[in-house]
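The values are calculated or read from the model by the stated rules, or taken from the named source; none is laboratory data. Quantities reported herein were computed from a predicted structural model and do not represent experimental measurements. Heads up, the Cβs are rebuilt from the backbone with ideal geometry, glycines too, and the neighbour counts pull from every protein chain shown. Note: accessible area is taken over every heavy atom of the protein model, side chains too, but ligands, DNA and RNA are not part of it. Shrake-Rupley method; radii C 1.70, N 1.55, O 1.52, S 1.80 Å.
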Amino acid sequence: MKDLVVVSNRVSIPEAGRSQAGGLAMALNSALARHGGMWFGWNGEICHDTSPQPTQTRRNGITYATLPLNAEQHNDYYLGFSNEVLWPIFHFNLGAMKFHRHHAQVYYATNQHFAEQLSKLLTGDELIWVHDYHLIPLGEALRRQGSHAPMGFFLHIPFPSAELLRCIPGHRDLLASFFAYDLLGFQTPQDLETFCHAAIRILGAKRSDNVLRYGDQRLKLGIYPVGIDVDTLQREAQHSETKQAVRQLRTSLGGCALIAGADRLDYSKGLGERMLAFEHLLDDYPHYRRHVLYTQVASPSRSAITEYDDLRQQLESQAGHINGLHSDLDWVPVHYINKTYPRTALMGLFRAAQVGLVTPLRDGMNLVCKEFVAAQDSRDPGALVLSELAGAAHELEGALLVNPYDPHAIAEALDQALQMPHEERCRRHASMLASVRCNDLTRWWQRFLDDLGYAVSS
Ligand code: F6P
């Protein structure tokens with residue numbers, strides 16, 4: 001078996017003797033542990049060097065080769081082109097795009113720098129698996145460095161329509177750079193189809209089943225919905241019931257039904273529309289007043305970008321407005337929390353909730369809704385209100401699907417969820433849990449790596 005090299009923008013090195021906290025990180029570590037290998041990427045720090053160099057750390061048999069970004073790379077590659085051009089466009093938000101030619105140049109230069117640094121660490125006998133929109137041109141840059149390794153790329157976020165993609169200056173080169181990989185993985189069939197359509201229309205690529213040819217390059221495509229580690233999360237959720245904080249949370253509900261959401265503070269998550277929906281619920285269904293609470297955790301993210309900071313202020317004002325208008329001396333309807341919690345605490349929150357509210361305006365997959373499903377007590381599960389524009393909507397047929405742009409429709413779904421009969425909740429939950437189990441985290445990486453091996457041998 002070849003060694004595996006995982007490359008992602010952000011790498012967090014597990015603390016010695018402790019397992020990795022994030023679900024995806026756990027999956028990639030388990031893939032690396034099985035194959036042996038290395039995880040390469042940004043260590044989250046900013047330095048003054050013009051050419052930052054990687055340092056290597058060994059943990060549990062895996063090498064973590066991480067490097068800082070310098071201020072220009074952080075500003076132009078990470079904040080600028082990755083998160084002010086690719087992120088908004090790939091999430092269908094043209095209005096949030098801020099293009100600067102220099103940012104695009106630094107994006108390509110940083111990918112080139114990563115490729116040069118990574119190449120020095122390769123033996124030539126690895127499988128390389130690159131992750132996400134920050135690193136689209138990395139494969140091409142590695143090929144320029146002479147790498148002939150089997151190379152796969154997985155896009156964690158949605159792929160935009162050809163018309164939106166065309167709004168990005170230089171989109172042809174970006175699109176063509178995908179063809180340096182042997183296998184390209186998407187979250188949903190729609191993403192695969194929009195990619196094919198764009199490649200055919202913009203580049204003139206030729207399609208045969210799930211293989212695209214562009215010049216003499218051949219790219220295999222596949223669908224690999226990211227999942228969760230169901231057993232671990234179920235254990236954490238069960239265990240949370242013994243924790244004091246979760247017991248106190250349940251007591252503090254005072255018999256009210258809990259609607260819970262937990263997201264990164266990102267405009268793609270539809271948090272403003274969610275607040276409006278909750279306000280409509282209190283206005284249009286006044287019998288819920290004093291009988292329902294909405295807890296929204298919004299963990300700070302990319303706060304150096306104006307849109308993210310504006311959103312934080314907007315949500316504070318919306319939560320304050322609802323509470324000012326509707327609260328009573330002994331009841332405060334919105335519990336808005338702008339901080340990051342460990343996953344175990346969120347599992348406790350989800351387990352205590354009657355309704356999970358997950359309404360992104362656009363999302364590649366969204367693992368929060370899957371975590372909510374795993375967190376439920378199947379003898380008395382909560383209901384899930386889910387955006388039909390999240391990738392997970394393809395899998396979770398037992399959810400109440402809503403258009404996330406329509407706060408009145410979300411309020412109606414909340415009402416339906418809050419009064420859903422026990423038998424219906426159990427039936428919907430069983431179907432969602434079965435689906436989450438079927439596409440779990442291990443299946444995700446195993447299928448991708450099997451197909452990558454096959455893509456280069458066929
Ligand atoms: O979901 C996309 C993603 O970029 C993930 O890869 C990452 O873990 C998350 O968003 C957080 O973003 P950032 O690395 O910009 O803080």
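Determine which member of the set L396, L401 is in contact with a helix residue (DSSP H, G or I) (Cβ under 6 Å, 6 or more places away or on another chain), within 29 Å of H91 (Cα to Cα), open to solvent by 60 Å² or more (accessible area, probe 1.4 Å) and not small (G, A, S). Even if it seems obvious, please write down each step before you answer.
Working: L396 fails: open to solvent by 60 Å² or more (accessible area, probe 1.4 Å).
L401 is the lone residue from the list that is in contact with a helix residue (DSSP H, G or I) (Cβ under 6 Å, 6 or more places away or on another chain), within 29 Å of H91 (Cα to Cα), open to solvent by 60 Å² or more (accessible area, probe 1.4 Å) and not small (G, A, S).
How about the stretch 404-444: which of its residues are among the aromatic types (F, W, Y) and out of contact with any Leu (no Cβ under 7 Å at 6 or more places or on another chain)?
W444
Right, D209: open to solvent by 70 Å² or more (accessible area, probe 1.4 Å), on the phi > 0 side of the Ramachandran plot and acidic (D, E) or not? Lay out the reasoning, then the answer.
On the way: open to solvent by 70 Å² or more (accessible area, probe 1.4 Å): yes; on the phi > 0 side of the Ramachandran plot: yes; acidic (D, E): yes.
The answer is yes for D209.
Considering only residues that are in contact with a Gly (Cβ under 9 Å, 6 or more places away or on another chain), open to solvent by less than 60 Å² (accessible area, probe 1.4 Å) and either modelled with pLDDT under 95 or farther than 10 Å from I128 by Cβ (or both), which ones fall in the stretch 5-15?
At the first step, the residues of the stretch 5-15 found to be in contact with a Gly (Cβ under 9 Å, 6 or more places away or on another chain) are 5-12.
Narrowing further to those that are open to solvent by less than 60 Å² (accessible area, probe 1.4 Å): 5-9, 11.
Matches in the stretch 5-15: S8, N9, V11.
Here's the yes/no breakdown for (1) surrounded by 19 or more Cβ atoms within 10 Å (Cβ to Cβ); (2) within 16 Å of the ligand (Cβ to nearest atom); (3) closer than 23 Å to Y267 by Cβ:
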| position | (1), (2), (3) |
| --- | --- |
| T55 | no, no, no |
| N75 | no, yes, yes |
| S82 | yes, yes, yes |
| L86 | yes, yes, yes |
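Filter the stretch 25-71 for residues that are part of a helix (DSSP H, G or I) and in contact with a helix residue (DSSP H, G or I) (Cβ under 6 Å, 6 or more places away or on another chain); which is modelled with the lowest pLDDT? Give the derivation first.
The initial filter retains those residues of the stretch 25-71 that are part of a helix (DSSP H, G or I), namely 25-35, 71.
Adding the requirement that they be in contact with a helix residue (DSSP H, G or I) (Cβ under 6 Å, 6 or more places away or on another chain) leaves 27, 31.
Working: A27: 81, A31: 88.
Among those that are part of a helix (DSSP H, G or I) and in contact with a helix residue (DSSP H, G or I) (Cβ under 6 Å, 6 or more places away or on another chain), it is A27.
Go through the stretch 91-116 and give me each residue that's farther than 20 Å from A141 by Cα and surrounded by fewer than 22 Cβ atoms within 10 Å (Cβ to Cβ). It would help to see each step written out before you state the result.
Within the stretch 91-116, the subset farther than 20 Å from A141 by Cα is 91-100.
Matches in the stretch 91-116: F92, N93, L94, G95, A96, M97, K98, F99, H100.
Could you identify the single residue in H156, H134 that is at negative phi, surrounded by 22 or more Cβ atoms within 10 Å (Cβ to Cβ) and within 16 Å of the ligand (Cβ to nearest atom)?
Working: H156 fails: surrounded by 22 or more Cβ atoms within 10 Å (Cβ to Cβ).
Within the list H156, H134, the selection yields H134.
Do you know which of the residues in the stretch 363-381 that are open to solvent by 10 Å² or more (accessible area, probe 1.4 Å) and in a helix (DSSP H, G or I) is nearest to the ligand (Cβ to nearest atom)?
V368
Looking at Y341, Y336 in this structure, which one is within 30 Å of D229 (Cβ to Cβ) and either more than 16 Å from the ligand (Cβ to nearest atom) or touching a Lys or Arg at 6+ places or on another chain (Cβ under 6 Å) (or both)? Give the derivation first.
Values: Y341 fails: either more than 16 Å from the ligand (Cβ to nearest atom) or touching a Lys or Arg at 6+ places or on another chain (Cβ under 6 Å) (or both).
Answer to the selection: Y336.
Could you run through the stretch 430-441 and say how many residues are in contact with a helix residue (DSSP H, G or I) (Cβ under 7 Å, 6 or more places away or on another chain) and either hydroxyl-bearing (S, T, Y) or open to solvent by 50 Å² or more (accessible area, probe 1.4 Å) (or both)? Show your work before the answer.
The first filter runs over the stretch 430-441 and keeps only residues in contact with a helix residue (DSSP H, G or I) (Cβ under 7 Å, 6 or more places away or on another chain), leaving 432-433, 436-437, 440-441.
Checking which are either hydroxyl-bearing (S, T, Y) or open to solvent by 50 Å² or more (accessible area, probe 1.4 Å) (or both) leaves us with 437.
Qualifying residue count for the region: 1.
Within the stretch 162-179, which residues are free of Cβ contacts under 8 Å to residues at least 60 places away in the same chain and open to solvent by 10 Å² or more (accessible area, probe 1.4 Å)? Reasoning before the result, please.
In the first step, residues of the stretch 162-179 are kept if they are free of Cβ contacts under 8 Å to residues at least 60 places away in the same chain; the result is 162-163, 166, 171-179.
Answer for the stretch 162-179, where residues must be free of Cβ contacts under 8 Å to residues at least 60 places away in the same chain and open to solvent by 10 Å² or more (accessible area, probe 1.4 Å): E163, R166, H171, R172, D173, A176.
Filter the helices (runs of 4 or more DSSP H) completely within the stretch 85-144 down to those with at least 1 residues that are within 14 Å of D173 (Cα to Cα). Before the answer, list the steps.
Working: elements: 87-90, 101-119, 138-144.
Output list reads 101-119, 138-144.
For the stretch 308-328, which positions are touching a Phe, Trp or Tyr at 6+ places or on another chain (Cβ under 8 Å) and open to solvent by 80 Å² or more (accessible area, probe 1.4 Å)?
Of everything in the stretch 308-328, just one residue is touching a Phe, Trp or Tyr at 6+ places or on another chain (Cβ under 8 Å) and open to solvent by 80 Å² or more (accessible area, probe 1.4 Å), namely E316.
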